[in-house]
C-alpha cells in the first residue's frame with residue numbers, strides 16, 4: 001500500500017515545529033532541538049531519531065525550486081537521503097512544506113549527526129541539524145532511543161558487518177525463534193574453503209564464497225549461479241545493487257547480478273584477504289597481507305595504495321567514517337614484539353593520523369559510532385578514539401578480541417572473545433555491563449592451535465536489539481540486550497571466522513565448519 005506523508009517544517013531562529021499528517025503522534029519542538037517522532041503501529045512503540053537536513057544536497061530544477069530526496073521506513077520514521085523516486089519540493093521563503101510519497105518499497109536512508117547545535121537559515125548553503133529530546137511528546141507503550149546512527153545503506157546486508165561503518169546492526173529484525181528455513185552445501189566445499197562472510201540484496205539473494213567459488217543463492221536456498229574465484233573471502237554489494245565485489249585468491253573481483261565477471265584487480269604481491277568496503281563514491285577499499293591498503297575505482301583500476309607497517313589481517317577490513325572521507329584500518333605483525341597500529345587515511349590516500357604501539361600485536365576490526373568515535377580491537381583491549389586519534393578509553397584485558405565489536409542503537413558495544421565470552425560494554429566509558437560464557441568446542445583435540453573456546457564469528461544485531469552470536473561450540477544463540485539467551489540452534493561443528501547476515505524478510509544467514517550455510521526464519 002502506498003503511503004503519503006505530509007511533513008511541514010517551519011524554520012525560526014532556534015525553534016522548529018514539525019507535523020506528520022499520516023502518523024498518530026505530533027513531532028516536537030524545543031529551543032533548537034528537533035525530534036522526529038512517529039508511531040510504530042506494528043510494535044505500538046514511539047520511535048524517534050536525530051537527523052540532518054542539508055541544504056547543500058538540494059537539487060534545483062529549471063523553475064528554481066529546490067529539491068531534496070526523502071524516504072520513510074516501515075516503522076514510518078521520516079528520514080532524509082539520496083534515493084531515486086523520493087522528492088521534496090521546497091520554496092525559498094524560510095518555510096519548507098514537504099509532501100512525500102513513500103512509494104511501495106520503503107527503505108532506510110539517512111545522514112545522521114549527534115549533539116550538533118542546529119544553525120537554521122534561509123540560504124541554500126546552510127545545514128540544519130537536529131538531535132533527539134529526552135522526553136517524548138506522546139504517550140507510547142515503549143520508547144526507542146539510541147546514540148548510534150541508523151546505518152545509511154538501503155541494502156539489507158551490504159557488506160561485512162552490515163555497512164561501511166561496520167556497526168553490525170541491521171535495519172531489519174532477525175528471527176525470534178530457531179526455525180530452520182533451509183540449509184545449503186556443495187560437494188566441493190572442504191575445510192580450507194568453508195563459507196565466508198556474506199551479503200544480502202533487496203530481493204533476498206545471498207552472496208557468499210565457499211569451495212573457492214562465489215555463490216549466489218536465492219531466498220529459497222536454491223543456487224542461482226556460481227563462479228570460480230580461486231579462494232574464499234568477503235563480499236560487498238554496490239549501492240545500486242548491480243555489482244557484487246568479492247575477494248578471491250590474490251584478486252578483487254566484480255560480477256554483475258547475473259554472474260558475469262566485469263573485471264578483476266590484481267595489484268597485491270601477496271594474498272588479498274578480508275572484506276571489501278564500498279565508499280559513497282563507489283570506491284572499493286581492501287587490505288592485504290603485503291601491508292598495503294588499496295583503493296580501487298569502480299571500473300577496477302587502482303585509485304591509490306597506502307603502505308602500513310604490518311600485514312592487514314582478514315578480519316581487519318577498512319572501515320569508513322560517517323561521511324566516507326576517512327578510512328580506518330588496523331595493521332601489525334603477530335610475530336613481532338611491538339604493538340599494532342590504527343591508521344586514519346584521507347580519501348586521497350594520504351595519512352591523516354595514526355596511533356602506534358597499541359597493546360596488541362595486531363589491530364583488527366574497527367567500528368565508527370554516530371558521533372565519529374572509532375572503536376578498535378586487537379588481541380589485547382578494546383580502544384575508543386575520537387576523530388582526531390585521541391584515546392577516549394580502553395577496556396580491561398579480559399575483553400581481548402580479534403573481532404570487530406558491534407554497536408547497538410542504545411550505545412552498547414558487543415564483542416566476542418577468544419575464551420568464549422560475549423561482553424556488553426558501555427560505549428561512552430568502556431565499562432562492562434555484563435558478560436556471558438559460551439560452551440566449549442566439541443571437536444577440541446588439545447592442539448594449542450585449535451581453540452577450545454571462542455566467539456570467533458562476529459556478533460550481529462537485529463533492529464530490535466536482539467544479538468545473534470555464533471561460537472566454537474557450534475551453537476548460534478539469540479540473546480536480548482541483558483544477556484538472556486532467547487533461543488539456540490546447534491550446528492554440526494564450530495561457527496568460526498565469518499559474519500552472519502540478516503535478510504530483508506528477517507532471515508538470519510550464517511555458516512558453520514560443518515560446511516553448511518544456514519537460514520533461520522520465524523514460521
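The values are calculated or read from the model by the stated rules, or taken from the named source; none is laboratory data. Bear in mind that the values here come from a model prediction, so they are computed numbers and not experimental data. Glycine also receives a Cβ, built like all others from the backbone with ideal geometry; neighbour counts cover every protein chain displayed.
Any residue in segment 404-418 that is on the phi > 0 side of the Ramachandran plot sitting within a Cβ distance under 9 Å of a residue that is surrounded by 24 or more Cβ atoms within 10 Å (Cβ to Cβ) and not in a strand (DSSP E or B)? List the pairs, counting only those 6 or more apart or interchain.
Between residues of segment 404-418 that are on the phi > 0 side of the Ramachandran plot and residues that are surrounded by 24 or more Cβ atoms within 10 Å (Cβ to Cβ) and not in a strand (DSSP E or B), the close pairs are 411/148; 411/427.
Looking at 204, 211 in this structure, which one is assigned by TED's automatic domain parsing to the domain that holds residue 506 and either under 20 Å from residue 460 (Cα atoms) or buried (at least 24 other Cβ atoms within 10 Å of the Cβ) (or both)?
Of the residues listed, the single one that is assigned by TED's automatic domain parsing to the domain that holds residue 506 and either under 20 Å from residue 460 (Cα atoms) or buried (at least 24 other Cβ atoms within 10 Å of the Cβ) (or both) is 204.
Just to be sure, is residue 320 at pLDDT below 95, crowded, with 18+ Cβ neighbours inside 10 Å and either closer than 16 Å to residue 160 by Cβ or in contact with a strand residue (DSSP E or B) (Cβ under 6 Å, 6 or more places away or on another chain) (or both)?
no
For segment 220-237, give me the residue count where each residue is touching a residue at least 60 places away in the same chain (Cβ under 8 Å) and surrounded by 20 or more Cβ atoms within 10 Å (Cβ to Cβ).
5
Suppose we filter 287, 310, 230, 274 for residues that are part of a strand (DSSP E or B), at pLDDT below 95 and touching a strand residue (DSSP E or B) at 6+ places or on another chain (Cβ under 6 Å); which single one remains?
Residue meeting the stated conditions: 287.
Residue-wise test of (1) under 23 Å from residue 310 (Cβ atoms); (2) surrounded by 15 or more Cβ atoms within 10 Å (Cβ to Cβ); (3) modelled with pLDDT of 90 or more.
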{"residue": "344", "(1), (2), (3)": "yes, yes, yes"}
{"residue": "365", "(1), (2), (3)": "yes, yes, no"}
{"residue": "372", "(1), (2), (3)": "no, yes, yes"}
{"residue": "396", "(1), (2), (3)": "no, no, no"}
{"residue": "402", "(1), (2), (3)": "yes, yes, no"}
{"residue": "408", "(1), (2), (3)": "no, yes, yes"}
{"residue": "415", "(1), (2), (3)": "yes, yes, yes"}
{"residue": "427", "(1), (2), (3)": "no, yes, yes"}
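Within segment 290-307, can you find the residues that are at pLDDT 90 or above and assigned to a loop (DSSP other than H, G, I, E, B)?
The answer is 297, 298, 299, 300, 301.
Need the failing condition index for residue 252 against (1) under 20 Å from residue 514 (Cα atoms); (2) assigned to a strand (DSSP E or B), just the number.
Among (1) under 20 Å from residue 514 (Cα atoms); (2) assigned to a strand (DSSP E or B), the lone unmet condition for residue 252 is (1).
Looking at (1) in a loop (DSSP other than H, G, I, E, B); (2) buried (at least 19 other Cβ atoms within 10 Å of the Cβ), which one does residue 259 not meet, given that it meets all the others?
(2)
For every residue, the table says whether it meets (1) crowded, with 22+ Cβ neighbours inside 10 Å; (2) in the same structural domain as residue 371 (by TED's automatic domain parsing); (3) in a strand (DSSP E or B).
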| position | (1), (2), (3) |
| --- | --- |
| 430 | no, yes, no |
| 440 | no, yes, no |
| 444 | no, yes, no |
| 447 | no, yes, no |
| 451 | no, yes, no |
| 458 | yes, yes, no |
| 464 | no, yes, no |
| 476 | yes, yes, yes |
| 482 | no, yes, no |
